[in-house]
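The structure under discussion appears below in the form of structure tokens.
The values are calculated or read from the model by the stated rules, or taken from the named source; none is laboratory data. What you are looking at is a predicted structure, and each value in this text was computed from that prediction instead of being measured. We place every Cβ from the backbone using ideal geometry, glycine too, and count neighbours over all the protein chains shown. For the accessible areas, the whole protein counts, side chains as well, though only heavy atoms, and no ligand, DNA or RNA atoms are used. Shrake-Rupley method; radii C 1.70, N 1.55, O 1.52, S 1.80 Å.
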Amino acid sequence: MDRSRRGCKRDGQGGFVLLEAVAALPVLILLLTVAGMMMANSWKAYRYHLADEELQQEVRQALDRVTEDMLTARRAEPMTYKRGVKIYHRKTAFSKKNEDSTTETKYYLNDYGRVKLVQNDAFAPMTGDHALAGVTITDFFCRPVAEKRGLYEIRLEGKSEVTGHVYSLHTAVYLPDDIP
């Protein structure tokens with residue numbers, strides 16, 4: 001019996017483990033690459049979905065806020081220099097008697113790097129502050145409809161900086177007490 005073979009049982013399969021590992025390595029690398037690409041595409045799809053959802057939510061909430069203010073207004077005037085609207089409200093019953101009978105709320109577009117909708121002179125804009133889904137307001141107006149006295153058309157349009165999609169809403173509000 002040969003001393004070099006003592007204690008070693010050979011049945012002809014000694015190199016197959018290494019051969020299988022070498023053959024399986026490219027398959028493992030391919031599977032990991034595909035899994036990584038799927039994760040990256042899933043994140044991108046999630047981010048796009050989040051950006052579109054945020055765009056719709058911001059435009060809807062901002063238009064709702066302007067519409068609610070218009071519904072409680074006595075009258076409104078378009079602002080030409082800031083693409084906005086001045087809304088004049090009735091004073092409440094709790095107002096002092098010597099105060100003016102109306103209050104004023106302004107909605108207009110302001111450029112903070114991205115164009116955003118602002119109420120009065122607030123430094124916190126109503127739109128465009130989400131970190132993963134930048135929204136730029138591309139159009140806003142509140143103007144009287146020419147053939148109907150007291151009827152105002154309101155439109156708000158935003159664009160997602162992530163997807164490039166545009167979302168717009170418009171409505172009409174009737175102010176029966178509208179006084180020119």
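Failed condition for Ser42, given (1) open to solvent by less than 60 Å² (accessible area, probe 1.4 Å); (2) at pLDDT 90 or above, with all others met?
Unmet for Ser42, out of (1) open to solvent by less than 60 Å² (accessible area, probe 1.4 Å); (2) at pLDDT 90 or above: (1).
Give me the pairs, please: first residue somewhere in the stretch 118-142 and more than 19 Å from Ile87 (Cβ to Cβ), second residue anywhere and open to solvent by 10 Å² or more (accessible area, probe 1.4 Å) and at pLDDT below 80, beta-carbon distance under 8 Å, and either six or more positions apart or on two chains.
Matching pairs, first to second residue: Gly128/Tyr112; Gly128/Arg114; Gly134/Arg114; Val135/Arg114; Thr136/Arg114.
Go through the stretch 134-158 and count every residue that is under 18 Å from His89 (Cβ atoms) and open to solvent by 60 Å² or more (accessible area, probe 1.4 Å).
Total meeting the criteria: 1.
Can you go through Ala131, Ala122 and tell me which one is among the aliphatic types (A, V, I, L, M), over 19 Å from Glu68 (Cβ atoms), modelled with pLDDT under 80 and surrounded by fewer than 16 Cβ atoms within 10 Å (Cβ to Cβ)?
Exactly one of Ala131, Ala122 is among the aliphatic types (A, V, I, L, M), over 19 Å from Glu68 (Cβ atoms), modelled with pLDDT under 80 and surrounded by fewer than 16 Cβ atoms within 10 Å (Cβ to Cβ), namely Ala131.
Taking the stated definitions as given, is Asp177 under 25 Å from the mean Cα position of the chain (by Cα) and either modelled with pLDDT under 85 or basic (Lys, Arg) (or both)? Break it down into steps so the answer makes sense when it comes.
Values: under 25 Å from the mean Cα position of the chain (by Cα): no; either modelled with pLDDT under 85 or basic (Lys, Arg) (or both): yes.
The answer is no for Asp177.
Which residues, taken from the stretch 28-81, are part of a helix (DSSP H, G or I) and among the β-branched types (Val, Ile, Thr)?
Ile29, Thr33, Val34, Val59, Val66, Thr67
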